[in-house]
Each structure stands twice: as structure tokens, then as C-alpha cells.
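The values are calculated or read from the model by the stated rules, or taken from the named source; none is laboratory data. Quantities reported herein were computed from a predicted structural model and do not represent experimental measurements. Positions of Cβ are generated from backbone atoms using ideal geometry, with glycine treated the same way; all protein chains shown enter the neighbour counts.
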Amino acid sequence: MSDKAIRQIVIVGGGTAGWMTAAPLAQKLGKACEIVLIESPEIGTVGVGEATLPTIRYYNQALGLDAADFIKKTQATFKLGTEFRDWGHVGSRFFHAFGNFGPMIESRPAYMYWLRLKRDVKDMPSYEEWSTADAMSRAHRFVPPYGDQPSVTNSYSYGFQFDASLYAAYLRDYAVARGVTRIEGMVVDVEQHPETGFVTAVKLRDGRRFEGDLFVDCTGFRALLLEGVYKAGYEDWSAMLPCNSAQAMPCTNPDGPLVPYTRSTAQSAGWTWRIPLQHRMGNGHVYCDGFTTDAEATRVLEGVLEGAAIDAPRQLRFTPGRRRKSWIKNCVGVGLSTGFIEPLESTSINMIEMTVGWIVQFFPDRDCSPALADEFNRLLSQRYEYIRDFIILHYKLTNRDDSEFWRYCRNMAVPDILQHQIDLFRDSSRVAILDQQGFLEDSWVSILMGHGIFPEKNDPFIDLMDPGYLLDHFHKVRDSIRRAVDAMPDHAAFVKHVVGDD
Ligand code: FAD
């Protein structure tokens, strides 16, 4: 082993990011390195972050977590995507499903065939009838995708909705069992090497001191090391992402089905979320404080609750954007310390998964090569910008003009690359895929068509195909979806079956 090998890792912060960092590091390096995690119960955690993307499954699998145990301990439910209400216009609805609209034909995505048919067939049914996930959501049914060949039973994917504090506790137990030392205390001072500027130790208010070779900043919006010590700077995206406030307010589960999706409903100065868990319903209102007041935001949130409130509303503030650098010298950030776009589309835990993956991939020695840090920073910035543009799309495309907030969103300037995406789709029905690890083509198309953007021209290859053949194919797919979904169990029953509460 090199004499420059990292032997001591100090993670500051024990929210979702801190424990999602500690768990894989303990799994992979628990025997070679001493890993310490310091968290301050006095400061606490953000404590929200209940909805995820399908990639969470790969993160859990890589840790070797037992899926049924995880679902039981975190009160998780299955998530097929997000239902959007009132975004395009008041009364509109569309479903952004994980996965594809339907099986590809001739290597082209199903939505292109639907567009072709829409042009020629009178009363063409909605493209959503080609989405297995949408049909499952409407019928509140769930089974995991099945089969190897492209078919209606595997054209969808799924993530989870869970209690974020239970998930952090679950990973804490995992990490501690693999050797991570958990310390309760508040970091009040940071020591640096006088010449290199590397962080050498952090000091707690009670006088304890922890030395390290590598420090991970998981201190949330505070960014204690990245900003507090290194003044990394923050790129503020508020002009394109106006929401900067949120209130979270869980309630009891209402009577009625346990649906396998998150709902996002546009409101006059933002949107509300509804995330069904086994033991309660997560609710929140994300809004811009320049277009409404906190009191009015509470009134809106209370108005959408379907069960009895469990807590008073919890107020949160954030600045949409990213830290200019998230790896500086021997300090690397994970989670909210590196930035936050906003809660829409549940991308923040996914960013944590990616960031932790890159730390493992670019794991340094004690010199912490600046080139490694540059590459990490480049990838993270690219990823943040890609997701930023996808989220802006939801606001920019609205047809709503019933409030100042929506008028602002319709008219705001957007990044050139996003405008290119919108123009490209309008003109040619194509989407430029900029990063295979982000939201894929069908996701972009969901948001575009969900907001009523239908291209002027079709794919020329598909234009040459016989519409009779395509219509026949469409009906066959729709019928197989109906049959497949009818045979699936109810989502609540499936969750019960998994956790063994039959
Ligand atoms: P925090 O939870 O803030 O944790 C910070 C930790 O640092 C705490 O343990 C704290 O005690 C510690 N700390 C801070 N300072 C010190 C100090 N001086 N000494 C010692 N310890 C210290 N993400 C999703 O993926 N899906 C969602 O649905 C979603 N919804 C969200 C809704 C809202 C309104 C918000 C604001 C965020 C949402 N997120 C969501 C983001 C998600 O909550 C975060 O990505 C996730 O919780 C990670 O937070 P964190 O661990 O970085 O920060």
C-alpha cells in the first residue's frame, strides 16, 4: 500500500447525504480506513426528501440491502413516476413515468408512432394509453417489471417513496455495523495546514478534535467546509427557477387506495407534493416567496391535505443553484452542501448517489490530485446543469396565465441549450440526449407533450409507414397493457405481501 494512502476519513454531517456516503465507504473501505461521522442533533437535518428515482435501487443493491427489509424499515412504497396536475393549464393532467411509453418499433420510440397516427386518425386515443405505468397508476396496481424481451410488462421502471429519516437511520445502522464511528457533537472550528491549506482536523464545541486525511462535507445548506472554510462560491439560478421556499406537513393516510406514484399539483405561486408512504402521507408546498406570503402558502397546503395533519408546517428556505466547486483540496462535498435545484422530480437523492459513486471512482491518495478534483467538479457541474434544464422545462412550458408567478415563468429567459431542446422537438419530434445518465428521451417527451407541445413534423421514416399497420399495433399494445394491468395486484396488497404483513 502506498505510504500516501488515505487512512482517516471524516464525514461531517449525518443527514441523508452523510449516511449515504458513510455506508458504501464502510462497505468498501471499512477495514482499510478509519471512518468517523460527526452529526449534530442540535442542528438536526432537513428531514424531507421522500421521493426517489429508479437509480436508488442500484444504490441499495450495491450495498447488498435486502429489498423487503428496506421497504419494511423505511415505510417505503413503490413509485412508478409523477402525476402532474394543473401544470400545462388548470384542469390538465399528465403522467411522467419512469421507463418508456411503450415498446420501441424499428428502433424508434413509441411516441413517434403515436404522433404519426395523431395526424391521420380522427379521435386518436391519448398517447398515455400506450403507457403501462400510467395504466398501473390509474388502477393503483403494482408488480416489478418482468421479462427480458421488450414488452408491456417491462417497459416501465420504478423507484421508492420512503421516510427519509428512517432511511438515514437504516443506513446508519449499516455503516456503524461495518466500523463507522458515529460522533454526536457540533463542529465549531476547522484546522488547516499552514502551507497547503488542506483541512487537518475539525474541533467540536466540547473540545474533542478529529484529524483526517479526507473530509466529506455533508453539512447541508450550511456547507461548513466548502463555503465556511474555502469560500467556494455559489451559482444562483433563482432567475430561472423561482421557487425558493417550502413548507412540509405530513398527514395521516386518507381512506382510499395507496397509489404507486408521487403527485405534483401546480398552485398559483408554485406547486404542492403528495407522497404516499405506508404509515403516512408526505405533503408539501414549494413556492416563491416573491409571489406569495408564507401564511398564504400554509393556507394552500392545509387546503390540499386529505388526512389529519400530524405536525405543524415545517418552513424551509433554499436558493436554487450549485456550489461552484464541490471538491477543494482534501475536502469533498455530498448532498445539499454541493447545491440544490428544487424538490420537483426528486433529483437530490439521485445526485447524492452519483456524487458518492464519483468519490469511490476518483478516490484520491493524501495528495488529493487537483486533476481528480477538477474531473469530479466538471462531472458534477454538468449533471447539475442538465437536471436544472429539465426542471426549468416544467415551468417554462406552462400555458397558465392566471397568476403573476406563471406569467413570470412563461416569459423568463432559459439557457440556450434548453431552448434548443424545445425548438428541436417542436420542429422534428426529436430530443437531443446530452447525458445518458440523466433523464432520458421519454422523460423529456413526457414533459413536452404533457404541456401540450406537439411537433410540427414527424420522423420521415415513420411518415413512410402504413398508418393501418401502426394503428393495429397501437390497439394490440393497448389491449395487452389492459390485460397485463388487470392481472396485477393492488399496490397496497403488494406492499403488504413484500413486508410480510398478510
Ligand atoms: P441535511 O439533512 O441538512 O443534513 C446536514 C447534516 O449536517 C445534519 O446531520 C446536521 O446535524 C449536520 N451538521 C451541520 N452543521 C454541522 C456542524 N457544525 N457540526 C456537526 N454537524 C453539522 N430530495 C429527493 O431526492 N427527493 C425529494 O422528494 C426531496 N424533497 C425535498 C423537499 C424539500 C422542501 C427540500 C428542501 C429538499 C428535498 N429533497 C428531496 C432534498 C433532500 O432532502 C436532501 O438531498 C437530503 O435530505 C440530503 O440532505 P443533506 O444530508 O445534504 O443535509
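Per-residue answers, yes or no, for (1) under 30 Å from GLU195 (Cβ atoms); (2) buried (at least 22 other Cβ atoms within 10 Å of the Cβ); (3) more than 11 Å from the ligand (Cβ to nearest atom):
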site: PHE318; (1), (2), (3): no, no, no
site: PRO343; (1), (2), (3): no, yes, no
site: SER348; (1), (2), (3): no, yes, no
site: PHE363; (1), (2), (3): yes, no, yes
site: ALA371; (1), (2), (3): yes, no, yes
* LEU226: within 16 Å of the ligand (Cβ to nearest atom), in a loop (DSSP other than H, G, I, E, B) and closer than 18 Å to CYS288 by Cα, yes or no? -> no
* Considering every residue within the range 280-288, establish whether at least one is more than 30 Å from ASP365 (Cβ to Cβ), of a type outside the set (A, V, I, L, M, F, W, C) and away from the ligand (no atom under 14 Å from the Cβ). => yes
* Asked: Looking at the range 33-54, which of the residues that are more than 6 Å from the ligand (Cβ to nearest atom) and among the hydrophobic types (A, V, I, L, M, F, W, C) is nearest to GLY14 (Cα to Cα)?
  -> LEU37
* Lone unmet requirement of (1) outside any loop (DSSP other than H, G, I, E, B); (2) farther than 27 Å from PRO364 by Cα; (3) touching a residue at least 12 places away in the same chain (Cβ under 8 Å) for ASP69 -> (3)
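Output the residues belonging to the range 403-417 that are over 23 Å from THR265 (Cα atoms) and free of Cβ contacts under 8 Å to residues at least 40 places away in the same chain.
Those that are over 23 Å from THR265 (Cα atoms) and free of Cβ contacts under 8 Å to residues at least 40 places away in the same chain: ASP416, ILE417.
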* To do: Would you mind stating whether LEU115 is outside the structural domain of VAL332 (by TED's automatic domain parsing) and either assigned to a helix (DSSP H, G or I) or surrounded by fewer than 17 Cβ atoms within 10 Å (Cβ to Cβ) (or both)?
  => yes
* Asked: Within the range 426-436, can one find any residue that is surrounded by 12 or more Cβ atoms within 10 Å (Cβ to Cβ) and within 30 Å of ASP69 (Cβ to Cβ)?
  -> no
* Out of all the residues in the range 292-312, which are surrounded by fewer than 19 Cβ atoms within 10 Å (Cβ to Cβ) and in contact (Cβ under 8 Å) with a residue 60 or more places away in the chain? -> ALA309, ILE310, ASP311, ALA312
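Would you confirm, using the coordinates I've provided, whether ALA62 is within 16 Å of the ligand (Cβ to nearest atom), among the hydrophobic types (A, V, I, L, M, F, W, C), under 22 Å from the mean Cα position of the chain (by Cα) and outside any loop (DSSP other than H, G, I, E, B)?
Working: within 16 Å of the ligand (Cβ to nearest atom): no; among the hydrophobic types (A, V, I, L, M, F, W, C): yes; under 22 Å from the mean Cα position of the chain (by Cα): yes; outside any loop (DSSP other than H, G, I, E, B): yes.
Taking the combined requirement at face value, the residue does not satisfy it.
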* Please work out which one of (1) more than 30 Å from LEU397 (Cα to Cα); (2) more than 9 Å from the ligand (Cβ to nearest atom); (3) aliphatic (A, V, I, L, M) is the condition LEU80 fails and give its number. => (1)
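Working carefully through the options TYR386, TYR408, TYR395, find the one that is at pLDDT below 95, among the hydroxyl-bearing types (Ser, Thr, Tyr) and either closer than 29 Å to MET449 by Cα or surrounded by fewer than 20 Cβ atoms within 10 Å (Cβ to Cβ) (or both).
It is TYR386.
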* Would you check if PHE95 is in contact with a Gly (Cβ under 7 Å, 6 or more places away or on another chain), hydrophobic (A, V, I, L, M, F, W, C) and more than 14 Å from the ligand (Cβ to nearest atom)? => yes
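Matching residues to (1) within 30 Å of SER403 (Cβ to Cβ); (2) assigned by TED's automatic domain parsing to the domain that holds GLY220; (3) touching a residue at least 12 places away in the same chain (Cβ under 8 Å):
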| position | (1), (2), (3) |
| --- | --- |
| TRP19 | no, yes, yes |
| VAL36 | no, yes, yes |
| GLY81 | yes, no, yes |
| PHE84 | yes, no, yes |
| PHE94 | yes, no, yes |
| MET104 | no, no, yes |
* Asked: Within the range 313-335, is there a residue that is farther than 24 Å from LEU440 by Cα, part of a helix (DSSP H, G or I) and not aromatic (Phe, Trp, Tyr)?
  -> no
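Tell me the residue from THR196, THR219, THR200 that is touching a His at 6+ places or on another chain (Cβ under 7 Å) and either among the hydroxyl-bearing types (Ser, Thr, Tyr) or assigned by TED's automatic domain parsing to the domain that holds HIS279 (or both), please. Step through it out loud before you land on a result.
Working: THR196 fails: touching a His at 6+ places or on another chain (Cβ under 7 Å); THR219 fails: touching a His at 6+ places or on another chain (Cβ under 7 Å).
Going through THR196, THR219, THR200 in turn, just one is touching a His at 6+ places or on another chain (Cβ under 7 Å) and either among the hydroxyl-bearing types (Ser, Thr, Tyr) or assigned by TED's automatic domain parsing to the domain that holds HIS279 (or both): THR200.
Please count how many residues of the range 234-293 are assigned to a strand (DSSP E or B), on the phi < 0 side of the Ramachandran plot and not hydrophobic (A, V, I, L, M, F, W, C). Explain how you work it out, then say what you get.
Of all residues in the range 234-293, those assigned to a strand (DSSP E or B) come to 234-236, 245-248, 251, 262-267, 270-276, 281-287.
Within this subset, residues satisfying the condition of being on the phi < 0 side of the Ramachandran plot are 234-236, 245-248, 251, 262-267, 271-276, 281-287.
Going one step further and asking which of them are not hydrophobic (A, V, I, L, M, F, W, C), we end up with 234-236, 245, 247, 262-265, 267, 272, 274, 276, 282-285, 287.
Adding up the residues that qualify gives 18.
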* Can you spot a residue in the range 390-398 that is more than 20 Å from PHE94 (Cβ to Cβ) and either outside any loop (DSSP other than H, G, I, E, B) or within 16 Å of the ligand (Cβ to nearest atom) (or both)? -> no
* Test: ARG378 is assigned to a helix (DSSP H, G or I) and not assigned by TED's automatic domain parsing to the domain that holds PRO24 -> no
* Within the range 14-27, is even one residue near the ligand (Cβ under 9 Å from one of its atoms) and outside any helix (DSSP H, G or I)? -> yes
* Asked: Residue check: is ASP294 modelled with pLDDT under 95 and more than 12 Å from the ligand (Cβ to nearest atom)?
  -> no
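Looking at this structure, is GLU302 closer than 21 Å to GLY47 by Cα, of a type in the set (Asp, Glu) and within 10 Å of the ligand (Cβ to nearest atom)? Steps first, please.
Working: closer than 21 Å to GLY47 by Cα: yes; of a type in the set (Asp, Glu): yes; within 10 Å of the ligand (Cβ to nearest atom): no.
Answer is no for this residue.
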